[in-house]
Amino acid sequence: MTLDKSAGGSATLGSMCHIVGESTKGPRGHSNLTLQERNSYSNLILLCNHHHNIIDTDVKKYSVETLHKIKSDHELWVEESLASSKPDPDTLVYSDLIDTISTSLQLGSWNWFVDGAVRELIHHSIYDARGTLNAKLLSAVWPRRKVELRNAIKEVINGFDDYVTHFGLHCQLRPDGYLGPDTSWKSSGWNPNYDEDASKEDLWAKKGFWLLCRFTYRLNEFSDAVRKHFNPLFFRTRGYFLILDHLGVHSGGRPTMFRPTKELLARMQTRVKKAEREFRTKARRGEFAVVPRPMNIK
């Protein structure tokens, strides 16, 4: 952004800055975003040169999440300023809820999130968003208008809560800031229930993948409702949120990407319920193998 001076040329007033660095070596550059995604509108913020230097110097204070919040707050302020001097309360409530969901779930970095999630890895910053979103859900003074949008907001928050609550049943925090499967059952020496614990983890992963897909489906329903009732440009250029399984963890080793549908979710739920019944039956009958104690372990 430049100001054209009548005498002396132009002066730079501001510039578009990257939230996630344009390069992996740049400030906040560690991300799975592609170069196109790094240069898209959702990853850019307009700042003066002074503050551009500040955010790139103090990246700990000005994290990706913080900059997204600053951008959302400013866009809301601009919207309110350009609208009526008496802002509509329902608009403000919906705007706050939509912004909170977008920033807390880091939707601009969806590919980074889902790439880990399909491998049973969730960064703590995403996992911890559950508290923020549930607080919003419980404290909101819900508008009576735009019922479809209101229900979509509730559904996506509840879907995320179901997913991370299940994930929390069998996870541990790793040194890199991610939560992953709890491996204590197979890393603490002799475990006579190794067979049962392995089956339990496999069932946990299968149910977790179904809940991830269901959350993704609800996220797309939420996005459609936002575009229909509130902001037609909401992630319009990005499009729908997909499940990206580059390593084929859940597809027999074949790289896969897909958009969850109701029909697919119903089939997945049926398989999960069947696996749960089989696990309970096998446990009740004592059919899991018991690993004998090695001679060298007392």
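I need the full set of residues from region 222-237 which are part of a helix (DSSP H, G or I) and surrounded by fewer than 18 Cβ atoms within 10 Å (Cβ to Cβ), in order please. Don't jump to the end; show me each part of the working.
Start the filter on region 222-237 by keeping residues that are part of a helix (DSSP H, G or I), which leaves 222-229.
Those that are part of a helix (DSSP H, G or I) and surrounded by fewer than 18 Cβ atoms within 10 Å (Cβ to Cβ): D224, R227, K228, H229.
Go through region 249-287 and count every residue that is more than 27 Å from the chain's Cα centre (by Cα), loosely packed, with under 10 Cβ neighbours inside 10 Å and outside any helix (DSSP H, G or I).
2
In the same structural domain as Y163 (by TED's automatic domain parsing), crowded, with 16+ Cβ neighbours inside 10 Å and without any contact (Cβ under 8 Å) to a residue 24 or more places away in the chain: is that true of T216 in this structure?
The answer is no for T216.
Quick one: how many residues across region 158-198 are farther than 30 Å from A135 by Cβ and polar (S, T, N, Q)? Lay out the reasoning, then the answer.
Keep residues of region 158-198 that are farther than 30 Å from A135 by Cβ, which gives 183-198.
Still in the running and polar (S, T, N, Q): 183-184, 187-188, 191, 193.
Matching residues across region 158-198 total 6.
Here are T216, T261, T256: which of them is polar (S, T, N, Q), touching a strand residue (DSSP E or B) at 6+ places or on another chain (Cβ under 8 Å) and under 26 Å from L133 (Cα atoms)? Working first, answer last.
Values: T261 fails: touching a strand residue (DSSP E or B) at 6+ places or on another chain (Cβ under 8 Å); T256 fails: under 26 Å from L133 (Cα atoms).
T216 is the lone residue from the list that is polar (S, T, N, Q), touching a strand residue (DSSP E or B) at 6+ places or on another chain (Cβ under 8 Å) and under 26 Å from L133 (Cα atoms).
The rows are residues; the columns are (1) under 19 Å from D90 (Cα atoms); (2) modelled with pLDDT under 95; (3) among the aromatic types (F, W, Y); (4) crowded, with 19+ Cβ neighbours inside 10 Å.
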| position | (1), (2), (3), (4) |
| --- | --- |
| E120 | no, no, no, yes |
| S125 | no, yes, no, no |
| G159 | no, no, no, yes |
| T165 | no, no, no, no |
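Pairs needed: first member in region 253-282, touching a residue at least 24 places away in the same chain (Cβ under 8 Å); second member anywhere, surrounded by 12 or more Cβ atoms within 10 Å (Cβ to Cβ) and not in a helix (DSSP H, G or I); C-beta distance under 6 Å; at least 6 residues apart or different chains.
Taking only residues 6 or more apart or on different chains, the pairs are R259/Y240; R259/L242.
May I ask you to say which residue of E221, E276, E201 is acidic (D, E), closer than 26 Å to R130 by Cβ and touching a Pro at 6+ places or on another chain (Cβ under 8 Å)? Working first, answer last.
On the way: E221 fails: touching a Pro at 6+ places or on another chain (Cβ under 8 Å); E276 fails: touching a Pro at 6+ places or on another chain (Cβ under 8 Å).
So the residue among E221, E276, E201 that is acidic (D, E), closer than 26 Å to R130 by Cβ and touching a Pro at 6+ places or on another chain (Cβ under 8 Å) is E201.
Quick one: in region 180-198, of everything that is part of a helix (DSSP H, G or I) and touching a helix residue (DSSP H, G or I) at 6+ places or on another chain (Cβ under 6 Å), which residue is farthest from Q269 (Cα to Cα)? Step through it out loud before you land on a result.
Kept after step one, since they are part of a helix (DSSP H, G or I), are these residues of region 180-198: 184-187, 194-198.
Checking which are touching a helix residue (DSSP H, G or I) at 6+ places or on another chain (Cβ under 6 Å) leaves us with 185, 197.
Working: W185: 27, D197: 22 Å.
For region 180-198, the residue satisfying everything is W185.
Can you pull out every residue in region 183-192 that is under 20 Å from R280 (Cα atoms) and either surrounded by fewer than 10 Cβ atoms within 10 Å (Cβ to Cβ) or under 34 Å from the mean Cα position of the chain (by Cα) (or both)?
Across region 183-192, the qualifying residue is only W185.
Considering every residue within region 166-180, establish whether at least one is touching a residue at least 40 places away in the same chain (Cβ under 8 Å) and closer than 19 Å to F241 by Cβ.
There is at least one residue in region 166-180 that is touching a residue at least 40 places away in the same chain (Cβ under 8 Å) and closer than 19 Å to F241 by Cβ.
Suppose we keep only residues that are under 23 Å from G286 (Cβ atoms) and hydrophobic (A, V, I, L, M, F, W, C) within region 193-213. Which one would you say is surrounded by the fewest Cβ atoms within 10 Å (Cβ to Cβ)?
The qualifying residue surrounded by the fewest Cβ atoms within 10 Å (Cβ to Cβ) is A198.
When region 132-154 is examined, which residues are found to be in a loop (DSSP other than H, G, I, E, B) and either surrounded by 17 or more Cβ atoms within 10 Å (Cβ to Cβ) or in contact (Cβ under 8 Å) with a residue 60 or more places away in the chain (or both)?
Within region 132-154, the subset in a loop (DSSP other than H, G, I, E, B) is 140-146.
Within region 132-154, A140, P143, K146 qualify.
The values are calculated or read from the model by the stated rules, or taken from the named source; none is laboratory data. Given the structure is predicted, the values throughout are model-derived calculations rather than measurements. A quick note on method: Cβ atoms are made from the backbone with ideal geometry, for glycine too, and the neighbour counts reach across all protein chains shown.
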